[in-house]
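Read through the structure below, which is laid out as structure tokens, and then see the notes.
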Amino acid sequence: MASRPELLAPPEIFYDDTEARKYTSSSRIIEIQAMLSERALELLGLPDDGVPKLLLDIGCGSGLSGETLSENGHHWIGLDISQSMLNIALEREVEGDLLLGDMGQGLGVRSGVIDGAISISAVQWLCNADKSSHNPRLRLKAFFTSLYRCLANGARAVFQLYPENLNQRELILNAAMHAGFAGGIVVDYPHSSKRRKEFLVLTCGQRSVNTTISKGKGEDGDSGSDDDSEEENQTVSISDRHRPRKKQKKNKSGKGREWILRHKEKSRRKGNIVPPDTKYTGRKRKDRF
Amino acid sequence: MRLLTHNMLSSNIKGVTNGFPLRIEAEKVVEKVVEMNADFLKKMFEKIDWKAFADASRAMGYAELPEEADSSMLESDEFLQRYHHALLELHLEEGALICPETGRRFPVNKGIPNMLLHEDEV
């Protein structure tokens, strides 16, 4: 299977009964989804007052992400375009309400009633034109303007996405900014190719407190992402520069006996006159020399 | 689908200026008991359009809600109980939602309303 499902078929066709079942029976996918939605919920920055919120899960699929919301005590409404995925969600008896709908057609939700929206790996589907009537630009616009309308003042929307390339990310961001959202992209583990996750965090309207966007995880090189050590080596520490010359030289080890033997051999093969290899080859000279 | 969701939904067919509230045609209504959370109910009270809510609950066959309500009634336990029951425990399982302006039917199957629009409605 190609790594990008959105290139294969439109979502309502790609996520058919078998694919939906596969998606929900894989423990790996369940774990990743739970982790992503946990993080998305964290980025939503909901006030910590213990009152359940009404959230929107866009592209809820089989309700894996919604389960995280339920566990945290929130009420949610899920929207998805694939009937098969929603059927699985019904089987799993998720607590939120489900809607069969297309986010590219805009959300039919009343103004200012939703406390927050999350969407896990769904928005990139909007960038594809699967039908002749589809125009990604217009669909993104319809989606973001309707989302902006239905969010309460100060509410946030967090989208986890895998943009295919820079243009796609720009397209999505531009559509969001045109709709009136403020915000930006939070990248978790930016140095790791595998753990790298992008979240688009959008805020709607004004909120007097806490408008700053949270920092991505792993940006300071904590919790062992694989390329971190390399990154550290590139920085020149000041103490190094002021060390005495002699000490710096001492650190540099010579070429070594093996290297010399190898190169003498090479030179011999070329037909040059090379001194014979003895026990003195590659040996260090005495200090008194 | 709960009435909580119904109260948030509106029809977004192109050209429709007031797609709220969607009329309910109930064929099958089920009840699922959930725990009551007074804080949530009080907070949602500000957001809910009460008239649409009361009408919807009547369409679902639950006539215990008053025609009008104000926030002082939230102090009464009996009221909260009814409000909670109508908002979160009644589920529209089979039926349809009807756009008030165009009369377009959005069928509800197994509790999931089909809000997909045809191409000429976008």
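The values are calculated or read from the model by the stated rules, or taken from the named source; none is laboratory data. Since the structure is predicted, the reported quantities are computational estimates derived from the model, not experimental observations. Glycine also receives a Cβ, built like all others from the backbone with ideal geometry; neighbour counts cover every protein chain displayed. We work out accessible area using only protein heavy atoms, side chains counted, and drop any ligands, DNA or RNA first. Shrake-Rupley method; radii C 1.70, N 1.55, O 1.52, S 1.80 Å.
Data overview
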item: Candidate set: segment A:118-138, residues that are of a type outside the set (Gly, Ala, Ser) and in a loop (DSSP other than H, G, I, E, B); chosen: the one farthest from residue A:198 (Cα to Cα); result: A:131
item: Number of the exception - residue A:145 against (1) of a type in the set (Val, Ile, Thr); (2) farther than 26 Å from residue B:99 by Cα; (3) surrounded by fewer than 20 Cβ atoms within 10 Å (Cβ to Cβ); result: (2)
item: Residue in segment A:44-64 that is under 19 Å from the mean Cα position of the chain (by Cα), in a helix (DSSP H, G or I) and without any contact (Cβ under 8 Å) to a residue 40 or more places away in the chain present; result: no
item: Output for segment A:116-132, where each listed residue is β-branched (Val, Ile, Thr) and open to solvent by 30 Å² or more (accessible area, probe 1.4 Å); result: none
item: Complete set of residues in segment A:65-84 that are aliphatic (A, V, I, L, M) and open to solvent by less than 10 Å² (accessible area, probe 1.4 Å); result: A:69, A:77
item: Number of positions in segment A:7-25 that are under 11 Å from residue A:62 (Cβ atoms) and without any contact (Cβ under 8 Å) to a residue 60 or more places away in the chain; result: 2
item: Count of residues meeting criterion [at the interface with chain B (Cβ under 8 Å from one of its Cβ atoms), among the β-branched types (Val, Ile, Thr) and either more than 25 Å from residue A:127 (Cα to Cα) or not in a loop (DSSP other than H, G, I, E, B) (or both)] in segment A:72-102; result: 1
item: Test: residue in segment A:133-142 that is at pLDDT 90 or above, at the interface with chain B (Cβ under 10 Å from one of its Cβ atoms), open to solvent by 10 Å² or more (accessible area, probe 1.4 Å) and within 16 Å of residue A:181 (Cβ to Cβ); result: yes
item: Test: residue in segment B:57-78 that is out of contact with any strand residue (DSSP E or B) (no Cβ under 7 Å at 6 or more places or on another chain) and at the interface with chain A (Cβ under 10 Å from one of its Cβ atoms); result: no
item: Qualifying residue in segment A:202-210 (condition: touching a Lys or Arg at 6+ places or on another chain (Cβ under 8 Å), modelled with pLDDT under 90, β-branched (Val, Ile, Thr) and open to solvent by 50 Å² or more (accessible area, probe 1.4 Å)); result: no
item: Criterion (aliphatic (A, V, I, L, M), within 13 Å of chain B (Cβ to nearest Cβ), outside any loop (DSSP other than H, G, I, E, B) and open to solvent by less than 30 Å² (accessible area, probe 1.4 Å)) met by exactly one of A:157, A:152; result: A:152
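Let's see how each residue does on (1) in contact (Cβ under 8 Å) with a residue 60 or more places away in the chain; (2) within 11 Å of another protein chain (Cβ to nearest Cβ); (3) not in a loop (DSSP other than H, G, I, E, B):
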residue: B:14; (1), (2), (3): yes, yes, no
residue: B:20; (1), (2), (3): yes, yes, no
residue: B:26; (1), (2), (3): yes, no, yes
residue: B:29; (1), (2), (3): yes, no, yes
residue: B:35; (1), (2), (3): no, yes, no
residue: B:40; (1), (2), (3): no, yes, yes
residue: B:46; (1), (2), (3): no, yes, yes
residue: B:51; (1), (2), (3): no, no, yes
